[in-house]
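Encoded as structure tokens, the structure appears first; notes follow it.
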Amino acid sequence: MRTTLIFLFFAFACTAFSQNTVVIGRVTDAQGEGISGALVKPDSGQAAITDLQGGYELKLWPGKYIVTISSLGYKPASFPLTVGDSTPVLMKVIRLEEEVTEIGTVVVTAGKFEQKIEEVTISMEVIKPRLVESKNTMNMEHLVDQVPGVSMMDGQINIRCGSGFSYGAGSRVLLLVDDLPMLSADAGDVKWNFIAIENIEQIEVIKGASSALFGSSALNGVVNVRTAYPRDEPQTTINISSGMYGKPGRKDLAWWDKRNPVFTNASLLHSRKIGNLDLVVGGNVFSDEGYRFLEKEQRYRFNYNLRYRSRKIEGLSFGVNGNYMKVEGGLFILWHNADSAYYPQGLTIQNYSNSRVTIDPFVTYFDGKGNRHSLRTRYYQTRNTNDTQQESTADLYYGEYQYQKRFEKELTLTSGLAFTYSEVSSDSLYGDHFSSNLGIFVQADKKWKKFTFSFGGRAEYFKVDTAETRFNIPLGKDTLQSPLYPVFRTGVNYQLLKYTFLRASFGQGYRFPAIAEKYIKTKVSGLTILPNPSVQPETGWSTELGLKQAVKIKEWKGYIDVSAFWMEYRNMIEFNFDYYFPEWLTNPTFVDYLVYFGAKSINLGRTRITGAELTVAGSGKIGPVEMNILAGYTYTKPINLNRDSAYVETGTDDSTGILKYRYRHNTKFDVEFGYKKVSLGFSLRYNSFMENIDKRFVETLMYDQNTYPLYILPGLKDYRREHNKGDLVMDGRMAVQVSKEARLSLICNNLLNAEYSSRPGDVQPPRNFSLQVLVKF
């Protein structure tokens, strides 16, 4: 016994005084770019995760090991390693080869970490930078409108008929830029021209309720714009284009005589590494004389990304991103009449001057043990001024701490805390208001054999002035009120065959009304917008079954995706146009009908949207020809289940129950072929006829149509009767690579010169041409 104790004592002493040997290395791709988040795993001992530069550090006992390095999108690599006593081991750089995956697209938004798109549990679409450049996109709105199942209406985005027409007050789709929300504090809207389209690495679109991971405004989906950081070699991109609007199909629409209105666009982007500093700077200047009378736009924008990778603390990086835009112009909502659709009603227009700025400090730390800590913050200010004395200033402060743990057995745990505080100052448009929002979330994603499981939850608190979140918890005969509203999501993906993936998902959503939806009071082109402080939060859920079939033809990789979806909402918020007389007014006069007609946000009750979608996407070479395609067809059935509501009575279709301002059929198609130095591209967008709109847009403003024949949109009733087949719009483009650095493109939008509208009274541009020069060096 005594001998055994002495032996154990010396064994413990030797163990206690011995030291682990530090192994230092770096993992890169074939071009030498560092790969972050790669798993470095010895056959015994603790694994490590590479930092932003691909660096890693292992602490191992002396001995012999087999070390395996793996990362999504790359072939795993293994090598033998001999570790001696206490002498640091400096490993050579390990280069990983790109893995030929089923589809070849990696996304981040679905779970806030890198996943193959075929393995996610929800519907997602991806837009690559090549489509941005080849279509000469000057406004992000036009690019997102090319995504299957997505529709744009006056800048308002809706996915699978999840939203109607609200003219930028509130959004059920959350726009993110590098995982930070980009909705303004006052209107809760998206200004697509504020997005730095010159610096885009990838755009990821989630379809369906995503509040569990992203919060209130993700009730209908998410659009995440991921910007790019520098490669090892400096790069500069210059994009200059100029174009003009052609004559409309109906010549009486054109307000110009001798010279067609023109538009010009110029952008610059430069990125480089300066030691441990990553620097990206960009800018954009845009001028548009406008295809509608007096409606012009001039803007300039500047953006930057700065990131410093610490020399002293391995895995630590910090920096700040920013964006500033100034825009001036004029706008109108209502046409003069159907035969003068490009003229404003009353031949007057609202002139505006707006500015927006974001400043985004952040800190990221990889501790080398599979843990990632991230703190991202944002200051977002909007200033809106115009010549109608309806100005506003809104300040938003946002912060999110996120912790992510990657376990060895393909389990990823993501959790975090997000906080938002907003202040809005406005004399007559909104008044002065404040809001605060707190969200706590957690999500687990696990791969097991051929399955991928995902489960997440979030507790959300929202407050606007004195109105705040209330969640009722039944306790027998009593009810407990909680200030936190819980939402959940779950999903599963199963690899049925080598290239076939089945998925099913369910997600809940919750959205608190924006300040504009509760308090806006204004007149726009003679149209009154009324406040509704009592409007309640909306909730909902969406579920989906889908199948993704990967397709590989020689060097071309893509997929065919088929899905069926079901979405339901409670207390859905929609703007409704009607007479809103005060309770004391029992016998309205002619003047009262004029004064108390307008639009305000109301809660509909219960709604249901069902449908199906087919998507085809892919890129690569088939023989010598390169082909890129993104296409899809979406059918939806958006129904109001509360059939006795005022919302139904004020619509043009009160028999089917279809929601207002929706398209049942939506088709998108974009394809580009490239051969040697020449490429040809073609786009198509089709929306079926908008069956249900507000009745007062097609009928007289007064109920007595004979005595008071006043119309909000004169001629719209006959116009809709003539244009009841839906809208088909085609675009074309051709490009020539004139040198290694320069490409020359000719783009024609609306090839057939179709006359179409995104909503009543908003006739879109006629055929237009532009010439683009793109230089990269």
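The values are calculated or read from the model by the stated rules, or taken from the named source; none is laboratory data. Computed from a prediction, not measured in an experiment: that's the story for all the values here. So basically every Cβ, Gly included, is an ideal-geometry build from the backbone, and we count neighbours across all protein chains shown. These area figures cover heavy atoms from the full protein model, side chains too; ligands, DNA and RNA do not enter into them. Shrake-Rupley method; radii C 1.70, N 1.55, O 1.52, S 1.80 Å.
Can you tell me how much longer the chain between LYS621 and SER415 gets when fully stretched, taken as 0.36 nm per residue apart minus their C-alpha distance, in nm with one decimal?
Between LYS621 and SER415, full extension yields 70.1 nm more.
Got the relative contact order for region 217-364 handy, in percent, Cα pairs under 8 Å and 6 or more residues apart?
Value for region 217-364: 18 percent.
So who's got an amide H within less than 5 Å of the one on ILE520, skipping anything under 5 residues away but keeping other chains? H placed 1.01 Å off N, in plane.
ASN532
Can you give the net charge of the other residues whose Cβ lies under 11 Å from the Cβ of TYR485, counting K and R as +1 and D and E as -1?
+1
Given charges of +1 on the Cβ of Lys and Arg and -1 on the Cβ of Asp and Glu, with all other atoms neutral, how large is the dipole of the chain about its Cα centre, in debye to the nearest 20? Show your work: numbers first, answer last.
Numbers: 89 positive and 82 negative charges, 491 e Å.
I would put it at about 2360 debye.
Suppose R0 equals 45 Å. What FRET efficiency, 1/(1 + (r/R0)^6) with r the Cβ-Cβ distance, do ASP29 and HIS665 give to the nearest 0.05?
Efficiency computed from Cβ-Cβ geometry: 0.55.
Rank by packing, highest mean first: peptides 266-276, 207-217, with packing defined as the count of other Cβ atoms within 10 Å averaged across residues.
207-217, 266-276
Please give the FRET efficiency for PHE471 paired with ARG95, using the beta carbon to beta carbon distance and R0 = 56 Å, rounded to the nearest 0.05.
Computed FRET efficiency for PHE471 and ARG95 comes out at 0.60.
How far apart, in nm, are two points set 7 Å out from the Cα along the Cα-to-Cβ line at LYS677 and at ARG130?
That separation, rounded to one decimal, is 1.9 nm.
What percent does the relative contact order of the chain come to when contacts are Cα pairs within less than 8 Å and at least six residues apart?
Relative contact order, the chain: 11 percent.
Between TRP584 and LEU701, what FRET efficiency follows from the Cβ-Cβ distance if R0 is 22 Å, with the result rounded to 0.05?
0.50
Ranking request for peptides 444-453, 563-572, 580-589: highest mean number of other beta-carbon atoms within 10 Å first, then the rest in descending order.
On the way: 444-453: 15.2, 563-572: 20.8, 580-589: 10.0.
In descending order of packing, they fall as 563-572, 444-453, 580-589.
Strictly over 28 Å apart at the Cα level, which of LYS207/LYS557; LYS369/LYS621; LYS312/LYS446 would you flag in this model? List each step's numbers first, then the result.
Working: LYS207/LYS557 23 Å; LYS369/LYS621 40 Å; LYS312/LYS446 34 Å.
Where the Cα-Cα span goes over 28 Å, the pairs concerned are LYS369/LYS621; LYS312/LYS446.
Which angle between 0 and 90 degrees, to the nearest 10, do you get for helix 2-17 versus the longest principal axis of the chain when only C-alpha atoms count?
With rounding to tens, the tilt is 50 degrees.
Residue separation times 0.36 nm, minus the C-alpha to C-alpha distance between THR348 and PHE769: what's the value? Don't jump to the answer; show the numbers that get you there.
Numbers: separation 421, 0.36 × 421 = 151.56 nm, distance 2.81 nm.
Full-extension gain reported as 148.8 nm.
Pop out the carbon and sulfur fraction of the accessible area of the chain as a percent, whole number, probe 1.4 Å.
Here carbon and sulfur together make up 58 percent of the probe-accessible area.
Quick check: Cα centre of region 629-667 to Cα centre of region 110-165, how many Å?
The two parts, judged by their Cα centres, are 21 Å apart.
Just grab the label-to-label distance for ILE274 and GLU649, each label 7 Å out from Cα along the Cβ direction, in nm (one decimal).
If labels sit at ILE274 and GLU649, their model points lie 6.7 nm apart.
Which net charge results when you count Lys and Arg as +1 and Asp and Glu as -1 among the other residues whose beta-carbon is under 15 Å from that of TYR308? It would help to have the intermediate numbers written out before the result.
Numbers: positive: ARG272, LYS273, ARG307, ARG309, ARG311, LYS312; negative: ASP51, ASP278, GLU314, ASP360.
Net charge in that neighbourhood comes out at +2.
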